[in-house]
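*Asks:* Next up is a structure, given as structure tokens.
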Amino acid sequence: MQLKSFKTYLVRRLKSIKLVLHYAKYLSFKQPKTKQIVVCFDGLLPHGGLVDRLKGIISCYQIANALGYDFKILFDNPFELTDFLEPNTIDWIFKRKEISWHPLKTKVLYLVNDFDANPLHKIKTSNANRFYVYANIDYSKTIFPDLKAKALETQWRNSFNALFKKSNVLDEQLNAISTLKYIAFHTRFTSLMGDFKDTTSKILSEEAQEALTETLLQIINRIKTETSENAFLFSDSIKFLETVRAKTDIAVLEGHPFHMDNFDKREATSGHLKTMIDFFMISRSETVYFLKVKPMYNSSFSKYAAIIGNSNFKCIEA
């Protein structure tokens, strides 16, 4: 085993042990009436941003559905998921008071950033009947190996809609912004513009930031001219959002973007509402343009928003 692989393995093992020790505090020999999968977002370990969390949720639901298991979501950090997304056709709510740990029939699966895992096989072949799962990967290709890309997207969208409906708070906010047709631009800089805290740390020089901004503005203006559509811009850089607001007629929403795992504990729910509004505004657009100009980063945020909304998705690279 190579040193890097060994370190990754060791880190994963240590995190798994931490989770087992946590759940062991809830020791009980009472078993659930049915086999159960509980996907967890409780702040014990980093989970990723909104879309990473949704990937984990949908994958676990698809596995539970395939195996005939009861499916639940424990999501209370950094906010209660039900503040924004409520159960639709599936009663998935699971509270901490319901946690129970049977030493032989309960298992923790730590799958965060584990792209090579096959959780369907792990669960299917286990003797446990309750699984607390920590996951942030879309495993749909593994779960449905015979489906093509479009069919996988349809499966993902149907799973999302079976689980969730928007809360009144979120729905009212979205409807208040726009009920007209529009296109959406999305950019992901992470730390490049020096105004967003993420897993990366590279910050471009002022000259490089200006050059990148100018290139992006040219692309945005060209597409806007070609389509003649109303347009919104969504980005993780407040600096870029302000520039677009000042130099174009592209609409920019209020609020300061931040990563869900890097939140300030003093942040009010309104801060997370901004993330949700951006995501579902993108999902409502006619076409989503994800702009990726070197050295910008890839993002699945707008891609999965487009999947949920069944919107056209175009990646513009330069």
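*Asks:* Rank by packing, highest mean first: peptides 11-17, 81-87, with packing defined as the count of other Cβ atoms within 10 Å averaged across residues.
*Replies:* Averaged packing, sorted descending, gives the order 81-87, 11-17.
*Asks:* Distance check, please: which entries in 72/97; 30/97; 122/148; 55/165 exceed 19 angstrom between their Cα atoms?
*Replies:* Going by Cα-Cα distance, 122/148 fall outside the 19 Å limit.
*Asks:* Could you tell me the ratio Rg/Rh of region 74-204? Both radii from Cα atoms, Rh via Kirkwood. Mind dumping the intermediate values first?
*Replies:* Details: Rg = 19.0 Å, Rh = 18.7 Å.
Computed over Cα atoms, the ratio is 1.02.
*Asks:* Along the Cα→Cβ direction, 7 angstrom out, place labels at residue 202 and residue 113. What is the inter-label distance in nm?
*Replies:* 1.7 nm
*Asks:* For a label point 7 angstrom out from the Cα of residue 251 toward its Cβ, which stretches of region 269-295 have the backbone nitrogen within less than 12 Å?
*Replies:* Hits in region 269-295 for residue 251 at 12 Å: 281-282, 284-286.
*Asks:* Hey, can you list the DSSP H helices of the chain whose Cα span along the axis is 15 Å or longer and whose average Kyte-Doolittle score is at least -1.0?
*Replies:* The qualifying helices are 3-24, 50-67, 149-163, 206-227, 269-283.
*Asks:* Shifting gears a bit: Please go through region 1-64 and write out the chymotrypsin sites (Phe, Trp or Tyr not before Pro) that DSSP classes as loop and that have at most 10 other C-beta atoms within 10 Å.
*Replies:* Details: sites: 6, 9, 23, 26, 29, 41, 61; in loops: 26, 29.
The qualifying sites are 29.
*Asks:* Once you have the Kirkwood Rh of region 3-165 from its Cα pairs, apply Stokes-Einstein at 25 °C and 0.890 mPa s and quote D in µm²/s.
*Replies:* Estimated diffusion coefficient is 151 µm²/s.
*Asks:* Go through 39, 233, 123 and say which Cα lies farthest out towards the positive end of the charge dipole of the chain; charges sit on Cβ, +1 for Lys and Arg, -1 for Asp and Glu.
*Replies:* The residue sitting most towards the positive pole is 123.
*Asks:* What distance in nm separates the two pseudo spin-label positions at residue 127 and residue 166, each 7 Å out from Cα along the beta-carbon direction?
*Replies:* 4.8 nm
*Asks:* Ranked highest first by average number of other Cβ atoms within 10 Å, how do 98-111, 216-229 line up? Let's see the in-between values first.
*Replies:* Working: 98-111: 18.1, 216-229: 14.4.
Descending packing order for the listed peptides: 98-111, 216-229.
*Asks:* Another question, if that's okay. So what is the relative contact order for the chain, in percent, with contacts set as C-alpha pairs under 8 Å and at least six apart?
*Replies:* Contact order relative to length: 18 percent.
*Asks:* About the Cα centre of region 169-317, what is the dipole size in debye to 20, counting +1 per Lys and Arg Cβ and -1 per Asp and Glu Cβ, all else neutral?
*Replies:* Numbers: 17 positive and 20 negative charges, 58 e Å.
So the dipole magnitude of region 169-317 works out to roughly 280 debye.
*Asks:* Placing unit charges on C-beta atoms (Lys and Arg positive, Asp and Glu negative, everything else neutral), compute the dipole magnitude of the chain about its Cα centre in debye, rounded to 20.
*Replies:* In total the dipole reaches around 1680 debye.
*Asks:* Quick check on the chain: helices-only [θ] at 222 nm, where DSSP H runs of length 4 and up contribute -39,500 (n - 2.57) each and the sum goes over total residues. Nearest 500, please.
*Replies:* Per the formula, -13000 deg cm²/dmol.
*Asks:* Estimate the FRET efficiency between residue 12 and residue 66 by the formula 1/(1 + (r/R0)^6), using the beta-carbon distance for r and 22 Å for R0, to the nearest 0.05.
*Replies:* 0.35
*Asks:* Hey, can you grab everything whose amide H is under 5 Å from the amide H of residue 185? Only 5+ residues off in sequence or another chain; H modelled, so Pro and N-termini drop out.
*Replies:* Here the answer is 232, 233, 234, 289, since their amide H atoms fall under 5 Å of that of residue 185.
*Asks:* For region 169-317, divide the Cα radius of gyration by the Kirkwood radius and give the resulting Rg/Rh value with two decimals.
*Replies:* Details: Rg = 14.7 Å, Rh = 15.7 Å.
That ratio equals 0.94.
*Asks:* Now, a different point. Over all directions, the average projected area of the alpha-carbon convex hull for region 67-118 comes to how many nm²?
*Replies:* Orientation-averaged projected area of the Cα hull: 5.6 nm².
*Asks:* Report the Cα-based extents of the chain along its three principal axes, largest first, to the nearest Å.
*Replies:* That works out to 64, 45, 44 Å along the principal axes.
*Asks:* Follow-up question, since we're still on this one. Using the basic label-point model (7 angstrom from Cα toward the beta carbon), what is the residue 44 to residue 229 distance in nanometres?
*Replies:* Label-label distance for residue 44 and residue 229, simple model: 4.3 nm.
*Asks:* Give the cross-link partners of residue 292 among the aspartates and glutamates, using a straight C-alpha distance below 12 Å as the criterion and excluding same-chain residues fewer than 8 apart.
*Replies:* List returned: 317.
Coordinate-derived values only; no laboratory data. Please read all numbers here as calculations on a predicted model, not as lab measurements. In this analysis, Cβ positions are derived from the backbone assuming ideal geometry, glycine residues included, and neighbour counts consider all displayed protein chains.
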